[in-house]
1. In region A:96-106, which residues are within 26 Å of the chain's Cα centre (by Cα) and either open to solvent by 20 Å² or more (accessible area, probe 1.4 Å) or within 16 Å of ligand 2 (Cβ to nearest atom) (or both)?
2. Being more than 11 Å from ligand 1 (Cβ to nearest atom), surrounded by fewer than 21 Cβ atoms within 10 Å (Cβ to Cβ) and within 14 Å of chain B (Cβ to nearest Cβ): is that true of residue A:84 here?
3. Within the group A:16, A:60, A:36, which residue is within 16 Å of ligand 1 (Cβ to nearest atom), closer than 30 Å to residue A:380 by Cα, at pLDDT 95 or above and within 14 Å of another protein chain (Cβ to nearest Cβ)?
4. Where in region A:356-408 are there helices (runs of 4 or more DSSP H), lying wholly inside it, with at least 2 residues that are modelled with pLDDT of 90 or more and away from chain B (no Cβ under 14 Å)?
5. Take the residues in region A:409-441 that are among the β-branched types (Val, Ile, Thr) and not in a helix (DSSP H, G or I), then tell me which one is surrounded by the fewest Cβ atoms within 10 Å (Cβ to Cβ).
6. Can you tell me which residue is surrounded by the most Cβ atoms within 10 Å (Cβ to Cβ) among those in region A:121-142 that are modelled with pLDDT under 95 and within 16 Å of ligand 1 (Cβ to nearest atom)?
7. Within the bounds of region A:23-31, is there any residue that is within 14 Å of chain B (Cβ to nearest Cβ) and within 13 Å of ligand 1 (Cβ to nearest atom)?
8. Checking residue A:90 against (1) away from chain B (no Cβ under 13 Å); (2) in a strand (DSSP E or B); (3) open to solvent by less than 10 Å² (accessible area, probe 1.4 Å), only one condition comes out false. Which one?
Amino acid sequence: MDKTFTVALIGNPNSGKTSLFNILTGSRQHVGNWPGVTVERKEGIARYENKSIRIIDLPGIYSLNASSDDEVIAVNYILQEKPDIVVNVIDSSNIERNLYLTLQLLEMNTKIIIALNMADEAEKKRIIIDRNKLANLLSVPVMATVATKSGGIKELLKTALDMERITRIPLRFDYGKTANGKLCEIADLLCKTTSIEPEASFLFAVKLLEDDRYAKDLVLKQRADIGKSVEAAKSQIKEEFGFDPEIYFADKRYEYIESLIRECVQKETASTKDLTERIDRIVTNKWLGIPVFFLIMFLLYQITMGFGNDFLGSYVEAAVSLLAEHVSGLLENAHPLLRSFVIDAMIGGVGSVLVFVPLMFTMYFLISLLEDSGYMARAVYVMDKLMNAVGLHGKTAVAMIVGSGCNVAGIMSTRTLDTKKDRMIGILISPFISCSARLPVYALFAGAFFGSKKVGIFPASGLVVFSLYLLGFIVAVAVGRILSKTVFRQEKSYFIMELPPYRVPTLRSLFIHMWEKTESFIRKAGTVIFGIVVLIWALSVFPIGVEPGSAGSILGRLGSLIAPILTPAGFGSWEATVALIVGIGAKEAVVATFGMVYGTGQGLLTNVLVQYFTPLSAYAFMVMTLLYSPCAATVGVIKKETDSLKWALFSIGYSLIIGWGAAVIVYQVGKVLGL
Amino acid sequence: MDKQKFTLDEIPINGSGIIIDMQMDGILRKKLIDMGLVRGTKFKVDGRAPLGDPIKINLRGYYLTIRKNDAKKIIVEKNG
Ligand SMILES: Nc1nc2c(ncn2[C@@H]2O[C@H](COP(=O)(O)OP(=O)(O)OP(=O)(O)O)[C@@H](O)[C@H]2O)c(=O)[nH]1
Ligand SMILES: [Mg+2]
């Protein structure tokens, strides 16, 4: 083997490719029970009997015609990169539709193994598939796998390695005499006059007649005259059968698939209503559907704040204060600069961020539950009409749920949107969704100002936080509406989505999600946040001689310069100003900055805040934190996904204006109302 | 059995039928074909989202959701 033997996982969305990838390579990539979880190509290494195999995980596709950006990644990969083997991952309980892609893959010049995944579910549904027969009919190996329980993995790897030396002839699917004749003619032409390999020429002929963008781009660029032969063949087929080749070929393929199903699949028709139908009757109910969506989001925040932060968080908080006390005792006689660095920067700054670890993992645990159960696709289905009424696509709901964990992930999820318009709007409004990095700011302020109060059984702080989520949601929707009426006016959109069955989330994947995100939060606190804190600390103790963290320090002077702009919003102190500026780097740093400049460590920080803010200005500050400028990572991903610096800068600019405006309105209106 | 032509959005919940024709082209048609909607495909209308749109249909053993506006362009034959 010269280059590493490469196996690519290809299949319909939600067929279990990433689950399989994780088992094969020992990775921990994101899995979820909704179509469109994976939007990037991922690589890993599998080992079998001391051989290394490179495994590629890709976004799901329904066919080789790509329209959305995630699909383009998968289709381009198989058409251009030529993996040694394609493992076609099929959801066995949904084999009929899955086989459509299989037929197209078989027409390609690649070695293929079919993995009938979710064999356990098929069994439960009493779908019996005759694997040997299917393998014989399609002339490729057919394996059964259960990706969630590592079933059939060894056999799959062994089969892949065994196929290393064999060759496979692409399937010459029988489209009927007339069509086959035309296809051969064009294939011949392609062989003789273009760079397309003979083995791929038939497939390319099919693709050209189907009006496939990719094939047309490739071929017509080389030989525009082939276009004429293609058009002639198309109209001849249309004349004879009354349909475009696109429809006619699809008919033929499904006809064949139906015959395969008749021969290889036995299905006992179950008459009892299954779990999925019963849950959907409530969750997508005419009257309950939308309230259920908002109830779920409400509970997400209540549980995160009530259980994650107030309950679990209090233990960590106690531990950090204890540490602060202890360390400050130890450092009593140390140099004041060292003392300030350890107590203010390390414990006050980084420590005040770490206090929110329990909040993070509670939140991510709950989001994983939504993703893994299958509710995500329902949220999209239920919200589409409402969203569409304001010019948004239903799938933006995914960005709004995933984005409440992290805006970067929310923006990535918009790759599944088919039209440019929906995609751009989804990207540009995502930063207004309240992400988990803003939660520490809310938790701190809501705890300080609305802390001990309760409304019914709900902690007031949870309600304040939920009100901010709603505000973010409303601003996102409003901005989306404006964008769809102005910048992206002309473009049309449509909506087609599969609803997967509900599945019981596996503990493994819940904990993987939770741990991955919590770990990255801690890592960020130890790196980015720590770096920012050190920088800020340095600025706060110089020039030498000033009292550390006072208005006379460089930091204080910088803050005071800009603070007047924020005075109408009620928080024109240099400390708040600095915290907001730093927050553009990473929102967690807002809390770290307060922890440091108020020089106290978490325990007392709430007490100090009360001296500088009123409940009203605290709320205005939270509104500002929610809406003003996306964090640096989000700006970066906006630039990457829109492929335009202009849009990235635009997103900073307009959100700064919106954030400042909203905070000023909250504060001024509140003052008039006498709050 | 009496069979009549309708558009997909006119089929009531729990009604079923067969796809006859798709009066659209471009990406949408390609997408629908890829998801298993071709002439002769049997389907059942399973439900509607709370605001009456999108429509949820069952075909080839799975659930597909599609907006009313797009369903209007799909001609079907109704069973029973
Ligand atoms: N019962 C059962 N569930 C499975 C199996 N394989 C995957 N799943 C579940 O199916 C869902 C989808 O799995 P993923 O691995 O994310 O699917 P995918 O093909 O990567 O999906 P996309 O990235 O959206 O294309 C998850 O809820 C998995 O837990 C299996 O063999 N049996
Ligand atoms: Mg995946």
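1. Hits for region A:96-106 are A:98, A:101.
2. Here the answer is no, as residue A:84 does not meet what is asked.
3. A:60
4. Hits in region A:356-408: A:357-373, A:396-402.
5. A:419
6. The residue in question is A:122.
7. no
8. Tallying (1) away from chain B (no Cβ under 13 Å); (2) in a strand (DSSP E or B); (3) open to solvent by less than 10 Å² (accessible area, probe 1.4 Å), residue A:90 fails exactly one: (1).
The values are calculated or read from the model by the stated rules, or taken from the named source; none is laboratory data. Not measured: the values here are computed from a predicted model. Positions of Cβ are generated from backbone atoms using ideal geometry, with glycine treated the same way; all protein chains shown enter the neighbour counts. In case anyone asks, the SASA skips ligands and DNA or RNA and just uses the protein heavy atoms, side chains included. Shrake-Rupley method; radii C 1.70, N 1.55, O 1.52, S 1.80 Å.
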